[in-house]
1. Within region 225-268, work out how many residues are open to solvent by less than 50 Å² (accessible area, probe 1.4 Å) and of a type in the set (S, T, N, Q).
2. Going through region 31-57 one residue at a time, which ones are open to solvent by 10 Å² or more (accessible area, probe 1.4 Å) and not hydrophobic (A, V, I, L, M, F, W, C)?
3. Suppose we filter region 243-275 for residues that are under 22 Å from ALA132 (Cα atoms) and β-branched (Val, Ile, Thr); how many remain?
4. Please go through region 96-139 and pick out each residue that is surrounded by fewer than 24 Cβ atoms within 10 Å (Cβ to Cβ), farther than 15 Å from ILE60 by Cα and touching a helix residue (DSSP H, G or I) at 6+ places or on another chain (Cβ under 6 Å).
5. Is it the case, given these coordinates, that VAL240 is at pLDDT 95 or above, of a type in the set (Val, Ile, Thr) and closer than 18 Å to LEU191 by Cβ?
6. With the structure loaded, tell me whether ALA217 is small (Gly, Ala, Ser) and in contact with a His (Cβ under 8 Å, 6 or more places away or on another chain) or whether it fails that test.
7. Out of all the residues in region 61-83, which are open to solvent by 10 Å² or more (accessible area, probe 1.4 Å) and either closer than 17 Å to VAL162 by Cβ or assigned to a helix (DSSP H, G or I) (or both)?
8. Please determine whether any residue of region 92-102 is modelled with pLDDT of 95 or more and in a helix (DSSP H, G or I).
Amino acid sequence: MATSSLTFGVILSCVLLLATATHGLQVGYYKKTCPSAEVLVRTAVKKAVLANAGVGAGLIRMLFHDCFVEGCDASVLLDPTQANPQPEKLGRPNNPSLRGYEVIDEAKSAVEKACPGTVSCADIVAFAGRDASYLLSNSKVSFHMPAGRLDGRKSLASETGVFLPGPSSNLSSLISAFAGKGLSAEDMVVLSGAHSIGRSHCTSFVQARLSAPSDIAASLATLLRKQCPANPTTANDPTVSQDVVSSDVLDNQYYKNVLAHNVLFTSDAALLSAPNTVRMVRANARFAGSWEKKFAKAMVKMAAISVKTGRDGEIRKNCRLVN
């Protein structure tokens, strides 16, 4: 009897720890209420990524940008209205660079037809980030995404600059920003690997990395100077690949680029500014397949930041507007 009680206690403890880690979210949350939900989202994401891999990169970034401001509640999707003329999507980190809104709209439309008023936009964003990761990694980043989030009603552009670390962030500010969301320094390093895909506007790095002294590799600096104006402006701000080696593949090439000083942002180069993060970068660069597993776990952890439940949220009919 004592052994059975102990076993039950261990199991209960594990369940409670899992529930705490995911804030009550559950894998297969819509299994009974909307069994086709995840398939419908995956279909929309696959269609978009096959047409343009950059949209997949945008969907992964969208999840990060949503979760770091007001939690994972689809607040980043809200359009400006007379009542709220400056929502998150108009914040500097999101406008004009964040992509993939139309994919979420398509997925939401399909899900609403199948199961009206059942699936939150926040869960669709989380599923889309997972599916884009799977597709862009050639199925190497594979994981289940717990669900059960509700959509938030608050969205302020002013908060994006407060909570989202920028491309010029140093290591201490990066670690602090992630710690503020319950994520470790290792989570930060692992999630930074998403910079192995997608594109960046020249304004995000020219001044800090090309106009000022930096450790950027001479060959990359030469290439970027051919692609970017010396003084990019809103009217003249081209985009370049974040990973010059494998720009459309979510893989550990990013860490090899960091070690070779072939990265765009000050925040990327900052990973080499402390012994512990240098060790993490080297490990992720060296061991094939290891980073992908870490990235999958970090994505689930990030997607549980400050989720809305109960009276804190709603299930929007239209992801761009509160009900």
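The values are calculated or read from the model by the stated rules, or taken from the named source; none is laboratory data. Bear in mind the structure is a predicted one, so any value in this text is a computation, not a measurement. Cβ placement follows ideal geometry from the backbone for every residue including glycine, while neighbour counts extend to all protein chains displayed. The area values use the complete protein model at the heavy-atom level, side chains included, leaving out ligands, DNA and RNA. Shrake-Rupley method; radii C 1.70, N 1.55, O 1.52, S 1.80 Å.
1. Residues that pass the stated criteria total 10.
2. Those that are open to solvent by 10 Å² or more (accessible area, probe 1.4 Å) and not hydrophobic (A, V, I, L, M, F, W, C): LYS31, LYS32, THR33, PRO35, SER36, GLU38, ARG42, THR43, LYS46, LYS47, ASN52, GLY54.
3. Residues in region 243-275 being under 22 Å from ALA132 (Cα atoms) and β-branched (Val, Ile, Thr): 3 in total.
4. If the condition is that a residue be surrounded by fewer than 24 Cβ atoms within 10 Å (Cβ to Cβ), farther than 15 Å from ILE60 by Cα and touching a helix residue (DSSP H, G or I) at 6+ places or on another chain (Cβ under 6 Å), then GLU106, ALA110 are the ones that fit.
5. No; evaluated as a whole, the condition is false for this residue.
6. Taking the combined requirement at face value, the residue satisfies it.
7. Once the filter is applied, which keeps residues that are open to solvent by 10 Å² or more (accessible area, probe 1.4 Å) and either closer than 17 Å to VAL162 by Cβ or assigned to a helix (DSSP H, G or I) (or both), region 61-83 yields ARG61, PHE64, HIS65, GLU70.
8. Scanning region 92-102, I find at least one residue that is modelled with pLDDT of 95 or more and in a helix (DSSP H, G or I), so the answer is yes.
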